[in-house]
1. Keeping to the range B:27-39, report how many residues are surrounded by fewer than 13 Cβ atoms within 10 Å (Cβ to Cβ) and modelled with pLDDT of 90 or more.
2. Scan the range A:20-64 for residues that are of a type in the set (D, E, K, R) and within 13 Å of another protein chain (Cβ to nearest Cβ) and jot them down.
3. Under 7 Å by Cβ, and 6 or more places apart or on different chains, what pairs join a residue from the range B:85-108 that is more than 18 Å from B:F39 (Cβ to Cβ) with one that is modelled with pLDDT under 90 and assigned to a strand (DSSP E or B)?
4. Kindly list the number of the only condition in (1) buried (at least 17 other Cβ atoms within 10 Å of the Cβ); (2) modelled with pLDDT of 90 or more; (3) within 30 Å of A:R10 (Cα to Cα) that fails for B:R45.
5. May I ask you to say which residue of A:S53, A:S1, A:S59, A:S27 is part of a loop (DSSP other than H, G, I, E, B) and touching a Phe, Trp or Tyr at 6+ places or on another chain (Cβ under 7 Å)?
6. Exactly one of (1) more than 13 Å from chain B (Cβ to nearest Cβ); (2) outside any strand (DSSP E or B); (3) touching a strand residue (DSSP E or B) at 6+ places or on another chain (Cβ under 7 Å) is unmet by A:T17. Its number?
7. Hey, can you tell me all the residues within the range A:50-90 that are without any contact (Cβ under 8 Å) to a residue 40 or more places away in the chain and over 23 Å from A:V29 (Cα atoms)?
8. Just to be sure, is A:E96 within 12 Å of chain B (Cβ to nearest Cβ), touching a Leu at 6+ places or on another chain (Cβ under 6 Å) and either in contact (Cβ under 8 Å) with a residue 12 or more places away in the chain or more than 12 Å from A:T30 (Cα to Cα) (or both)?
Amino acid sequence: SAVISQKPSRDICQRGTSLTIQCQVDSQVTMMFWYRQQPGQSLTLIATANQGSEATYESGFVIDKFPISRPNLTFSTLTVSNMSPEDSSIYLCSVEDHAAGGSYNEQFFGPGTRLTVL
Amino acid sequence: LAKTTQPISMDSYEGQEVNITCSHNNIATNDYITWYQQFPSQGPRFIIQGYKTKVTNEVASLFIPADRKSSTLSLPRVSLSDTAVYYCLVRRSNDYKLSFGAGTTVTVRA
C-alpha cells in the first residue's frame, strides 16, 4: 500500500496569485489523481495524471487554471492559478495501488492541502 | 457510473452496531461496490470492496443482496473514533476514476 505526503499542508494566499501543491508517493505508481473538496462538501475529481502523458481533466476543470506536472512515477504537482476566494478548498492527491493483502487495487489518498484565498 | 444514494447522517452510541445502506439501482454487471471512510482533516481511506454476497475484513462487513441494487456497510461495536464520513461508491472494474457522493456522516456518542 502506498504512503502519500503533500506539501504544503495549508496555505493562505492572496487573490490573483498561484500556488503549487506537491504530492510525493513512497513507491512507483502509474496513476495519480487530483481532487478538490470544498468546505463541507464531497470530493470532486479534477484530473488524472499519468507519467509520460498529458493530464486528463474532468468537465469543469481546465489546464490553464490547474496545470499539472508528472515528471516521474513518485511525484506530481498541481498548480492553482490566478486564485480567487472560490478556489478555497482542500486539494488532495491520490494514487491507484495494490490493496494490502488483496487481489484488487484501491486508491490511497494524501492528507490534503487546505487552501484559503483572501 | 451508477448513482448512489445513502443517508446524510446517522447517530449511534459506543458499542452499538452501525449499518449504513446505500442504493445503486443502476449498477452494471462489471461494477464493484466500494466504501471509503474520511476523518476530519484527513484524506479518505479505503474500508472494503465487494461484488456480491458478503465480504468481511477486520474493520467492517459488506452485505450485497443478489440483485446488487443496494449494499449495507456494517460497523460492529463502534467507538468514538469511528465518527467520520462514510462514502459508498460504485466502481467499474476497468475504470480507475472514483465518483464520490455526499456520504453519510456517522456520529458516535459516549
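1. First, pick out the residues of the range B:27-39 that are surrounded by fewer than 13 Cβ atoms within 10 Å (Cβ to Cβ): B:28-30.
Okay, now just the ones that are also modelled with pLDDT of 90 or more, so B:28-29.
Count: 2.
2. Of all residues in the range A:20-64, those of a type in the set (D, E, K, R) come to A:26, A:36, A:54, A:58, A:64.
Passing the criteria: A:R36, A:E58.
3. Sorted first by the residue in the range B:85-108, then by its partner, the pairs are B:Y96/A:M31; B:Y96/A:E96.
4. With (1) buried (at least 17 other Cβ atoms within 10 Å of the Cβ); (2) modelled with pLDDT of 90 or more; (3) within 30 Å of A:R10 (Cα to Cα) applied to B:R45, the lone miss is (1).
5. A:S1
6. Every condition holds for A:T17 apart from (3).
7. Correct list: A:S59, A:G60, A:F61, A:V62, A:D64, A:K65, A:E86, A:D87.
8. Taking the combined requirement at face value, the residue does not satisfy it.
The values are calculated or read from the model by the stated rules, or taken from the named source; none is laboratory data. Just so it is clear, the structure is predicted and the values come from calculations on it, not from any experiment. Counting neighbours? That spans all protein chains shown, and the Cβs are built from the backbone with ideal geometry, glycine included.
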